[in-house]
Amino acid sequence: MMADRPPLAPDPLGAHHAPVLLAEVLQGLAVRPGAWVIDCTLGGGGHTEAILAASAPDGRVLGLDADPAAIRRVAERLADAVASSRLVLHQGAFELLEEVAAAYGFAPVDGILLDLGVSSFQLQTPERGFSFGSTGPLDMRFDPGQPLSAADIVNEWDEQSLADVIYRYGEEPRSRRIARYLVKHRPFFTTAQLAEAIEKAVGGRRGARIHPATRTFQALRIVVNRELEQLENVLPQALRLLRPGGRLAVITFHSLEDRIVKHWMLAEARADVSGPNSMEGERQRQPTLRILTKKPITPTAEEIQRNPRSRSAKLRVAEKLPTTQSDT
């Protein structure tokens, strides 16, 4: 069980790019001087900057991001850390974590962070097409070099496939109505056009707490970037890369992500796994993780007021256990 959370740390990036649950992440990862940590989702670099400070003078961070713009921004802002080799940056998908870590000699490591979702920079850049709050192209790719865009899905997929995607990944109960309307009125080229069409498809807002397009935009983004598949692929790799006693911290922003992380951690923390050939009471495997967050950590009211985008964040933390005598 983690101790009570420390006071909220100052935001090194300013109100517009506040790293979510920063103090809680540092406590969860137990960052100490000399620690080697991998930040799989660099974003604005706020978590990485704080980890570098906590691991000074000789700790190191490997920062990954699929978005080349994120790499460029952080490389410029944390140029001194890059120059001293305390910070190593790599542009690419985190589902290739083991391959990337091996290429840079980052194994084993003391901590791994996954801060999932869309960064403030991406949301505030209309030409990236992540937000319906401003007009931009229907893109939504974390890596602009990826072949599939949101426009491809909306304008080319058949009605059944489109409805299935919106229902499964957006948890949108009106998915069939939305898909039917989009197929009838496409093509769509901008985020504003799509948001307006979805609003018409469901009959307007009528006092809705969130914009009618929110869940559909989430679904499209998840599919474009293969977010859930990548998450499922990276978790076992993270476990293998951690040294015994190393910690994994994962911040999720919607129930689909959190469910994957929760169930995986619970499975890895179990001591016994039943099987068709197991005898009663037989221990088939040792647990590989110790879960440190009985319930996910969520932002304080103070943080939500300071950074409204943090309100849906959930942090789960686990520690790798020794699995053999040689690990102790």
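The values are calculated or read from the model by the stated rules, or taken from the named source; none is laboratory data. These numbers were taken from a predicted model, which means no experiment stands behind them. Glycine gets a Cβ as well: all are built from the backbone with ideal geometry, and neighbour counts include every protein chain shown. Each accessible area value is taken on the protein alone, full model and side chains, heavy atoms only, with ligands, DNA and RNA left out. Shrake-Rupley method; radii C 1.70, N 1.55, O 1.52, S 1.80 Å.
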Can you find a residue in the stretch 19-32 that is in contact with a helix residue (DSSP H, G or I) (Cβ under 7 Å, 6 or more places away or on another chain) and more than 24 Å from Gln237 (Cβ to Cβ)? yes
Return the pair list, or none, for Cβ contacts closer than 8 Å from residues in the stretch 142-161 that are closer than 16 Å to Tyr181 by Cβ to residues that are open to solvent by 60 Å² or more (accessible area, probe 1.4 Å) and not acidic (Asp, Glu), at least 6 apart or on different chains. Val154/Arg186; Val154/Pro187; Asn155/Arg186; Asn155/Pro187; Glu159/Arg180
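Residue-wise test of (1) closer than 21 Å to Leu292 by Cβ; (2) open to solvent by 10 Å² or more (accessible area, probe 1.4 Å); (3) in a helix (DSSP H, G or I); (4) in contact (Cβ under 8 Å) with a residue 60 or more places away in the chain.
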| residue | (1), (2), (3), (4) |
| --- | --- |
| Arg209 | no, yes, no, no |
| Arg215 | no, yes, yes, no |
| Arg221 | no, yes, yes, yes |
| Asn233 | no, yes, yes, yes |
| Leu239 | yes, yes, yes, yes |
| Pro244 | yes, yes, no, yes |
| Arg247 | yes, yes, no, yes |
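Look through the stretch 273-304, keep the residues that are aliphatic (A, V, I, L, M) and out of contact with any Leu (no Cβ under 9 Å at 6 or more places or on another chain), and return whichever of them is modelled with the highest pLDDT. Working first, answer last.
Of the stretch 273-304, the ones aliphatic (A, V, I, L, M) are 273, 279, 289, 291-292, 297, 301, 304.
Remaining after also requiring out of contact with any Leu (no Cβ under 9 Å at 6 or more places or on another chain): 273, 279, 292, 301, 304.
Working: Val273: 54, Met279: 55, Leu292: 98, Ala301: 95, Ile304: 93.
Step by step, filter the stretch 273-304, then rank; the result is Leu292.
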If you go through the stretch 87-117, how many residues are free of Cβ contacts under 8 Å to residues at least 60 places away in the same chain and among the acidic types (Asp, Glu)? 1
What are the residues in the stretch 157-189 that are within 24 Å of the chain's Cα centre (by Cα) and open to solvent by 70 Å² or more (accessible area, probe 1.4 Å), if any? Asp164, Tyr167, Arg168, Glu171
Among the residues of the stretch 190-211, is any out of contact with any Pro (no Cβ under 9 Å at 6 or more places or on another chain) and closer than 19 Å to Leu256 by Cα? yes
Being among the β-branched types (Val, Ile, Thr) and within 16 Å of the chain's Cα centre (by Cα): is that true of Ile51 here? no
Identify, by number, the condition in (1) over 18 Å from Pro108 (Cα atoms); (2) in contact with a helix residue (DSSP H, G or I) (Cβ under 9 Å, 6 or more places away or on another chain); (3) free of Cβ contacts under 8 Å to residues at least 40 places away in the same chain that Leu64 doesn't meet. (1)
